[in-house]
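Student: Below you'll find the structure I mean.
The values are calculated or read from the model by the stated rules, or taken from the named source; none is laboratory data. For clarity, every value in this text was computed on a predicted model and none was experimentally measured. Glycine gets a Cβ as well: all are built from the backbone with ideal geometry, and neighbour counts include every protein chain shown.
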Amino acid sequence: MYYFIINPHASEGRGRKIWDQVLRYLSKTQNAENFEAYITEKSGDAREFARQLSEKCQVEKTITVIGGEGTFNEVVDGINMDCNRVSIAYIPTKSDNDIARSFRRKYNLKAQLKRLFSDSDEILLDYGVLNCTSLNRRFAICSGIGLDAAIFDDIYAVKCTCENQPKKLNHIKKIRYLKTMIREFFKLKPTRGYVILDGEKRHEFNNIMFISAHVHPYEGGYLICPNASGVDGKLDICIVSTKHKWRLLWIMLSSVFGTHVTRTGFHLYRCKEVEIHTSNPLPVHVDGEVVGKNCDFTLNCIPKKLRLKI
């Protein structure tokens, strides 16, 4: 039996189109009726479907996720990691998302389906866990605090107001996204804070712009932590602390090419656990979904518990 979790609204309805192609492919194979499909309708559905499918699982099971990074994150967050019988396959609705970039892979739907219905390779990946107050969330790619989370939050609001616009107005959406980023950049106020790495090493900063913890290298298309691997059992921690906003802008621009790591104000660490404490409450995101504001955060790396078919 094959199991699919589909977000039909992902990437402006591309999730539905890909699922239709998958159904046509299935109809031509011996697996035409040997599958179950779970269609999401709202945020949180993919998490609940993953929980149901992995709970008390007694047989080997593969859950194929069709959607964007948010859908993939919900499945990772919902799946029972104590059950070693469940693996995930991923069919992204956009080939340029951070997961695809991290694996340097261009996803071809037919090739992906052929691998799915054969003995495709499987790897064991790390994932991260964010803890703050009563919140506990997993992340597959990265978690960010400060400017990047504020941008994601505003972009989500813009996306909601634009979701019913026809595709021919996509350029308007891009302009709104750009305006959002510029607005958050000028609203940004640095804050004091400190981090504790693996319970031992403490580093203090006076002008924190943002902090991000990475399992994999990318965030929003930017190569923030070039050496993050996803299989080393550690998080790569990026901290930008500078009182000069234009220096932050230069760091962001150079991160497109991965040349930012030597810039003044950019700090890079590697650890299994990081505690973050800031003077002012900052927004925080997991894989692009903003989940609240806080002053105190703990992030951990859970090594090689996520089974991914590639």
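Student: Does any residue in segment 11-24 that is more than 14 Å from THR64 (Cα to Cα) come within less than 8 Å, Cβ to Cβ, of a residue that is among the β-branched types (Val, Ile, Thr) six or more places away or on a different chain, and which pairs are these?
Tutor: Taking only residues 6 or more apart or on different chains, the pairs are SER11/THR93; ARG14/THR93; ARG16/ILE6.
Student: With segment 250-310 as the region, which strands (runs of 3 or more DSSP E) entirely inside it contain at least 3 residues that are more than 21 Å from ARG138 (Cβ to Cβ) and not basic (Lys, Arg)?
Tutor: Working: elements: 266-271, 273-286, 289-309.
Per the criteria, 266-271, 273-286.
Student: Look at VAL195 and say whether it is in contact with a Ser or Thr (Cβ under 8 Å, 6 or more places away or on another chain), modelled with pLDDT of 95 or more, closer than 30 Å to LEU124 by Cβ and part of a strand (DSSP E or B). Reasoning before the result, please.
Tutor: Details: in contact with a Ser or Thr (Cβ under 8 Å, 6 or more places away or on another chain): no; modelled with pLDDT of 95 or more: yes; closer than 30 Å to LEU124 by Cβ: yes; part of a strand (DSSP E or B): yes.
For VAL195, the condition - in contact with a Ser or Thr (Cβ under 8 Å, 6 or more places away or on another chain), modelled with pLDDT of 95 or more, closer than 30 Å to LEU124 by Cβ and part of a strand (DSSP E or B) - is not met.
Student: Can you tell me which residue among LEU235, LEU282 is surrounded by 22 or more Cβ atoms within 10 Å (Cβ to Cβ), touching a strand residue (DSSP E or B) at 6+ places or on another chain (Cβ under 6 Å), closer than 16 Å to LEU147 by Cα and modelled with pLDDT of 90 or more? Spell out how you get there, then give the answer.
Tutor: On the way: LEU235 fails: closer than 16 Å to LEU147 by Cα.
Only one candidate qualifies: LEU282.
Student: Out of LEU116, LEU124, LEU169, report the one residue that is touching a strand residue (DSSP E or B) at 6+ places or on another chain (Cβ under 8 Å), over 28 Å from LYS243 (Cβ atoms), modelled with pLDDT under 90 and not aromatic (Phe, Trp, Tyr).
Tutor: LEU116
Student: Could you check, for segment 65-82, whether at least one of its residues is free of Cβ contacts under 8 Å to residues at least 12 places away in the same chain and either surrounded by fewer than 20 Cβ atoms within 10 Å (Cβ to Cβ) or out of contact with any Cys (no Cβ under 6 Å at 6 or more places or on another chain) (or both)?
Tutor: Taking segment 65-82 first, the residues free of Cβ contacts under 8 Å to residues at least 12 places away in the same chain are 82.
Of the ones still in play, those that are also either surrounded by fewer than 20 Cβ atoms within 10 Å (Cβ to Cβ) or out of contact with any Cys (no Cβ under 6 Å at 6 or more places or on another chain) (or both) are 82.
Scanning segment 65-82, I find at least one residue that is free of Cβ contacts under 8 Å to residues at least 12 places away in the same chain and either surrounded by fewer than 20 Cβ atoms within 10 Å (Cβ to Cβ) or out of contact with any Cys (no Cβ under 6 Å at 6 or more places or on another chain) (or both), so the answer is yes.
Student: Give the residues of segment 108-142 that are free of Cβ contacts under 8 Å to residues at least 12 places away in the same chain and assigned to a strand (DSSP E or B), sorted by residue number. Break it down into steps so the answer makes sense when it comes.
Tutor: Keep residues of segment 108-142 that are free of Cβ contacts under 8 Å to residues at least 12 places away in the same chain, which gives 108, 111, 114, 118-119, 134, 136.
Once the filter is applied, which keeps residues that are free of Cβ contacts under 8 Å to residues at least 12 places away in the same chain and assigned to a strand (DSSP E or B), segment 108-142 yields only ASN136.
Student: Answer with yes or no whether SER254 is free of Cβ contacts under 8 Å to residues at least 24 places away in the same chain and of a type in the set (Gly, Ala, Ser).
Tutor: Working: free of Cβ contacts under 8 Å to residues at least 24 places away in the same chain: yes; of a type in the set (Gly, Ala, Ser): yes.
Considered against the rule, which asks whether it is free of Cβ contacts under 8 Å to residues at least 24 places away in the same chain and of a type in the set (Gly, Ala, Ser), SER254 comes out as yes.
Student: So, restricting to strands (runs of 3 or more DSSP E) that lie completely within segment 1-107, which ones have at least 3 residues that are under 18 Å from LEU306 (Cβ atoms)? Let's see the steps before the verdict.
Tutor: Values: elements: 2-6, 35-39, 61-67, 86-92.
Passing ranges, in order: 61-67, 86-92.
Student: In segment 206-247, what count of residues is obtained for those that are aliphatic (A, V, I, L, M), touching a Cys at 6+ places or on another chain (Cβ under 6 Å) and more than 15 Å from ASN97 (Cα to Cα)?
Tutor: Of all residues in segment 206-247, those aliphatic (A, V, I, L, M) come to 208-209, 211, 213, 215, 223-224, 228, 231, 235, 237, 239-240.
Within this subset, residues satisfying the condition of being touching a Cys at 6+ places or on another chain (Cβ under 6 Å) are 224, 235.
Next cut, more than 15 Å from ASN97 (Cα to Cα) only: 235.
Result for segment 206-247: 1.
Student: Condition first: touching a Phe, Trp or Tyr at 6+ places or on another chain (Cβ under 7 Å) and either of a type in the set (Phe, Trp, Tyr) or closer than 20 Å to VAL22 by Cβ (or both). Now tell me which residues in segment 63-95 satisfy that.
Tutor: If the condition is that a residue be touching a Phe, Trp or Tyr at 6+ places or on another chain (Cβ under 7 Å) and either of a type in the set (Phe, Trp, Tyr) or closer than 20 Å to VAL22 by Cβ (or both), then ILE63, THR64, VAL65, ILE66, PHE72, TYR90, ILE91, PRO92, SER95 are the ones that fit.
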